[in-house]
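The values are calculated or read from the model by the stated rules, or taken from the named source; none is laboratory data. Bear in mind the structure is a predicted one, so any value in this text is a computation, not a measurement. So basically every Cβ, Gly included, is an ideal-geometry build from the backbone, and we count neighbours across all protein chains shown. The accessibility values were calculated without ligands, DNA or RNA, using every heavy atom of the protein model including side chains. Shrake-Rupley method; radii C 1.70, N 1.55, O 1.52, S 1.80 Å.
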Amino acid sequence: MEHPDSNPRRGARLTRRRHAQVAEGPERHKRAGLVSAPPSTPRGLSALAALYERDFPVYRQPVEVGCFSLDARRTFFNDARQLRYYVEPRRRPELNLRDGYRDRYLRRDEAVKENLDHMLTWILANRTKVQKGPAAGSSSLELDVDIITWRGHLTKLLTTPYETQEGWQLAVTKFGSTLYISEVETEAARQSRESRTERHKEMMYWGYKFEQYTCADDAGSRPDASGVVNTNEAFCTVIQTRLGTHKLLFSGEVDCRDPDPSAPPPPSCYIELKTSAEICTSKQHRNFLRYKLLKWWAQSFLPGVPRIVAGFRDNDGIVVSVETYYTLKISQLIKVCAQNLHFPTNVIPPHPPPPPPPPRVVYLFSWEPNMDVTYTVHRNSRYTFLPDWYVRQMMSPPT
């Protein structure tokens, strides 16, 4: 496939587009009433895959340091009450994913942006697990972590060199010595969300329904596919690991775990569940490997989930086969992707600027396919995402 920039005319158009966006960026932010501090030269870096052809960075084996659950009303619980257990279906199961869509489906309100709130609640409830020890002479807000975020945000960074459809925006703020990363919905994503067709909405349901068919509430019990699918409910793992010299703390939703009592401890006992259209042609197979399987790998590799179970369905939503993929065997693009996780730590200065007090300074990273990653700096803006209740409690001694 011809690279977009290998065409001189298109390359020139992209170059002009980049320069135009950089030139209009500060003025656009000023018109919106935001106070930003853009430099005189463009701030950013390239996302071209070829630039990241290096040795795979050191990524330490992920360790689960905690978990939490969200109930049907998105209420936080500092426990594993929402954890479910995998029940293997028949190889040709004929599962009807459309069942219950009209009358047994409660959808989470995606217009409500929770940012990092649930993870911050977990941190406050478990400060002793992530706080620097007294021997370090640290203040109460100092965490023994360099980056805090959601697994999904890291997945976007990991797959950026190969993404061709969707851009992203990530807001980064520094509080104490820790970087907090939270996603900002792009205008294109908002428009896409608000204009989904009924068919698209139903197909989104199919993935949740597959989970209902293959998960039980207790080890040794059977799934109940006659119940309500409520996407407010979730079980989330909290993972600590290290990328190079950076300590990461992130959380991600877990579909289920291996019911075998002798299975390894979390996260190695967790299983990711997916659905996809059945593959009938060689072109479909190539696209599946290049795009979908890459994202599946990234999502599971980061928290150390070893197994992905995929239900392949026909156009009528009937699962016709089930396949298992092992994360560490999904290989070839891994080395390139992981380099992309470094960039927020390379751009943001080691200490936040002087007043206003942290964490009111936000670095907004933006990326669109075929473009470079750029960032702007905002103070006391709508991009501020660390809530006051978290800041106040972190600046108080632990109880």
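How many angstrom lie between the Cα centre of region 376-392 and the Cα centre of region 198-232?
Computed from Cα coordinates, the inter-centre distance equals 36 Å.
What is the sum of charges, Lys and Arg at +1 and Asp and Glu at -1, for the other residues whose Cβ falls under 12 Å from the Cβ of V184?
The answer is +1.
Can you give me the accessible area per residue for region 180-262, using a 1.4 Å probe, in Å²?
Heavy-atom SASA per residue in region 180-262 reads 44 Å².
Considering just Cα atoms, how many Å³ per residue does the convex hull of region 127-235 enclose?
Cα convex hull per residue, to the nearest whole number: 185 Å³.
Please report the net charge: other residues with Cβ closer than 11 Å to the Cβ of K156, K and R +1, D and E -1.
Cβ neighbours under 11 Å give a net charge of -1.
For K201, which aspartates and glutamates qualify as cross-link partners when the Cα separation must be under 15 Å and same-chain residues fewer than eight apart are set aside?
D99, D103, D109, E110, D316
Where a Cα-Cα gap under 17 Å defines reach, which aspartates and glutamates qualify for K329, not counting those fewer than 8 residues away within the same chain?
E272
Just to confirm a number: summing +1 for Lys and Arg and -1 for Asp and Glu over residues other than L243 whose beta-carbon lies under 10 angstrom from that of L243, what do you get?
After counting each charged neighbour, the total is +2.
Taking a threshold of 28 Å on the Cα-Cα distance, which of the pairs K132/K292; K156/K247; K113/K274; K129/K174; K113/K156; K174/K292 fall above it?
Too far apart for the 28 Å limit: K132/K292; K174/K292.
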